[in-house]
Protein chains: 2
Amino acid sequence: MSPVNLAMVTDEILFNLATAVGEHLQARGLTLAVAESCTGGLLGHWITEVPGSSRYFVGGIIAYSNEVKQRLLGVPETVLEQHGAVSRPCAQAMARGVRERCQAHLGISVTGIAGPSGGTVEKPVGLTYIHLAAPEGDWWEAHRWTGNRTQNKRASVAAALQLLYRYLQGELTAE
Amino acid sequence: MSPVNLAMVTDEILFNLATAVGEHLQARGLTLAVAESCTGGLLGHWITEVPGSSRYFVGGIIAYSNEVKQRLLGVPETVLEQHGAVSRPCAQAMARGVRERCQAHLGISVTGIAGPSGGTVEKPVGLTYIHLAAPEGDWWEAHRWTGNRTQNKRASVAAALQLLYRYLQGELTAE
C-alpha cells in the first residue's frame with residue numbers, strides 16, 4: 001500500500017527528502033504551505049530543517065482540533081459530519097484551504113490516526129490521508145501505518161515529502 | 001540568560017516537558033495554541049507526541065513568512081517594519097493572535113533566527129523571542145542560543161515548554 005518502510009524513516013532520509021523537495025521548489029520558484037493534523041507540525045519541522053527553506057516555505061496551519069480545521073482552513077462542517085476528520089474529503093479541504101489562505105502555489109495536508117488510541121474498525125490506528133493541492137489539480141494517497149505513534153507520524157512526513165517530490169519531478173499526471 | 005543547556009535537550013527531556021505541560025493543562029481544563037516561526041512546527045510536534053494531547057492542544061499556525069504572520073496571525077505591518085519579525089513586539093502579536101484565532105486559553109509563540117545564516121550584528125543567529133499570552137497577562141523571554149540550526153530549534157522548544165510549565169505551576173506572577 002505504501003513504499004514507506006517504517007523502520008527506514010531515519011532522520012537522514014527525512015532531511016534528504018526535505019532537501020530534494022526544497023531544491024525543486026526553489027529552482028521552479030514555487031512556494032509551499034502545509035496543513036497538519038496528526039503530524040502536529042512535524043512536516044513543517046522537517047521542511048524547515050533545510051537552511052534557506054524560507055525561500056519557498058511560507059508556513060501553514062496545525063489543525064489538530066476540528067474547530068481549527070473549520071475556522072482556519074475552511075473545512076466544511078458537513079465534511080466532518082459525513083466523512084470525519086480522517087478522510088479523503090477532509091484532507092482535500094485542508095490542502096486546498098491552506099494553499100488558498102497562505103497564498104502558496106502548493107498546499108499539502110496530512111490527517112490520520114497516529115495512535116495508540118482513537119482507532120475504530122472502519123478507521124484503524126495508522127490510517128492516514130495525504131493530499132496535495134497544486135495549480136494543475138489534486139493528488140492524494142491513503143496509508144495504513146503499523147508503527148507506534150512516533151513512527152506513524154514520521155512515516156506520514158516521509159510519504160508527504162515523497163508525494164511532493166514525485167509531483168515536482170513530473171511523475172504525477174493530471175487525474 | 002537561559003536555564004536551557006543545549007547539550008541537554010534530549011528527546012526524553014522534550015517528551016517529559018510536553019507530558020508535564022499536558023497534565024497541567026488537562027487537569028485545569030485549559031487549551032493551548034502555538035504560533036511558530038523559526039521552530040517551523042517542532043513545538044507542535046513535541047506537544048502532540050503525548051498520547052491524548054488532542055484533549056488540550058487545538059493546533060496553531062506555522063508563520064514562517066512575514067505575509068503569513070500578517071495574514072493568519074494579524075501581526076501589524078508596522079511591527080514588522082519597525083521591529084522586525086525577530087522581536088518582542090512580533091512575538092507578542094503572534095502569541096495574542098494565535099490565542100484569539102484558535103480560541104484557546106493560552107497562546108505561545110516562538111520567533112528567532114535558527115541559523116546558520118540570517119543573523120546581523122544587532123540580531124545575531126540564535127536570538128529568539130518566546131511569548132506566552134494568557135488570560136491573566138503576558139510573559140516573554142529572550143534567548144540567544146549558540147548551537148547549530150537543529151540545536152537552536154530544539155532549545156527554543158524546550159524553553160517554550162518550560163515557560164508554559166512555570167506558568168501552569170503558578171510560578172509566574174502578573175507583570
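Between rounded, prolate and oblate, where does the range A:46-119 land on the alpha carbon gyration tensor, with a ≥ b ≥ c its root eigenvalues, rounded for a/c under 1.5, else prolate if a/b exceeds b/c? The shape class here is oblate. Counting Cβ atoms of other protein chains within 10 Å of each Cβ in A:47-55 and taking the mean gives 5.
For the range A:111-175, just say rounded, prolate or oblate: build the C-alpha gyration tensor, square-root its eigenvalues into a ≥ b ≥ c, call rounded for a/c under 1.5, and beyond that prolate if a/b exceeds b/c, oblate if not.
Numbers: a/c = 3.47, a/b = 2.06, b/c = 1.69.
In terms of gyration-tensor shape, prolate.
Quick one: of A:Lys153/B:Lys69; A:Lys69/A:Lys123; A:Lys123/B:Lys69; A:Lys69/B:Lys153, which pairs are farther than 31 Å apart, Cα to Cα? Distance filter (> 31 Å) returns A:Lys123/B:Lys69.
How crowded by other chains is A:24-37, given as the mean number of beta carbons from other chains within 10 Å of each beta carbon? Walk me through the numbers on the way to the answer.
On the way: counts 0, 0, 0, 0, 0, 0, 0, 2, 1, 5, 4, 2, 7, 3.
Other-chain Cβ atoms within 10 Å of each residue's Cβ, averaged: 2.
Where does each of A:Asp11, A:Asp138 land when they are ranked from fewest to most other beta-carbon atoms within 10 angstrom? Mind showing how you got there, number by number?
On the way: A:Asp11 11, A:Asp138 18.
So the residues, fewest neighbours to most, are A:Asp11, A:Asp138.
Loop-resident GluC sites (Glu not before Pro) (DSSP state other than H, G, I, E or B) in the range B:96-168 with no more than 13 further Cβ atoms inside 10 Å of their Cβ: B:Glu122, B:Glu136. Report, in whole Å, the centroid distance computed from the Cα atoms of the range B:115-136 and the range A:37-62. When both Cα centres are located, 18 Å separates them.
With a 10 Å cut-off around each Cβ of B:153-160, the average count of Cβ atoms from other chains is 1.
Can you order the peptides A:87-96, B:17-26 by their average number of other Cβ atoms within 10 Å per residue, highest first?
Highest-to-lowest ranking by the protection proxy: A:87-96, B:17-26.
The dipole here belongs to the protein assembly as shown: it is taken about the Cα centre, uses +1 on the Cβ of Lys and Arg and -1 on the Cβ of Asp and Glu, and is about 0 debye. For chain B, a/c is not less than 1.5, where a ≥ b ≥ c are the root eigenvalues of the C-alpha gyration tensor, and a/b does not top b/c. That puts it in the oblate class.
Which value in deg cm²/dmol, rounded to the nearest 500, describes the helix-derived mean residue ellipticity at 222 nm for chain B, given -39,500 (n - 2.57) per DSSP H run of n ≥ 4 and division by the residue count? Calculated from helices alone, the mean residue ellipticity at 222 nm is -13000 deg cm²/dmol.
Tell me, what is the percent relative contact order of the range B:6-168, built from C-alpha pairs under 8 Å that lie six or more residues apart? Before the final figure, lay out the partial values.
On the way: 330 pairs, mean separation 41.1, N = 163.
Relative contact order for the range B:6-168 comes out at 25 percent.
Charged side chains reduced to their Cβ positions (Lys and Arg at +1, Asp and Glu at -1) give the range A:6-168 a dipole of some 40 debye around its Cα centre.
What list do you get for A:Leu161, B:Leu127 if you sort them by fewest beta carbons within 10 Å? Present the calculation step by step, with values, prior to reporting the outcome.
On the way: A:Leu161 26, B:Leu127 22.
Fewest-to-most ranking of A:Leu161, B:Leu127: B:Leu127, A:Leu161.
Farthest towards the positive end of the charge dipole of chain B, among the residues B:Ile62, B:Ala95, B:Ala20, is the Cα of B:Ile62, using unit charges on the Cβ of Lys, Arg, Asp and Glu.
Stretch A:Glu77-A:Asn148 to full length: gain in nm at 0.36 nm per residue minus the Cα-Cα span? Fully extending the segment from A:Glu77 to A:Asn148 adds 22.6 nm.
No value in this document is a laboratory result; all are computed from the given coordinates. Since this is a predicted model, take the numbers as computed values, not measurements. Ideal geometry is used to build each Cβ from the backbone, glycine not excepted, and the neighbour counts take in all protein chains shown.
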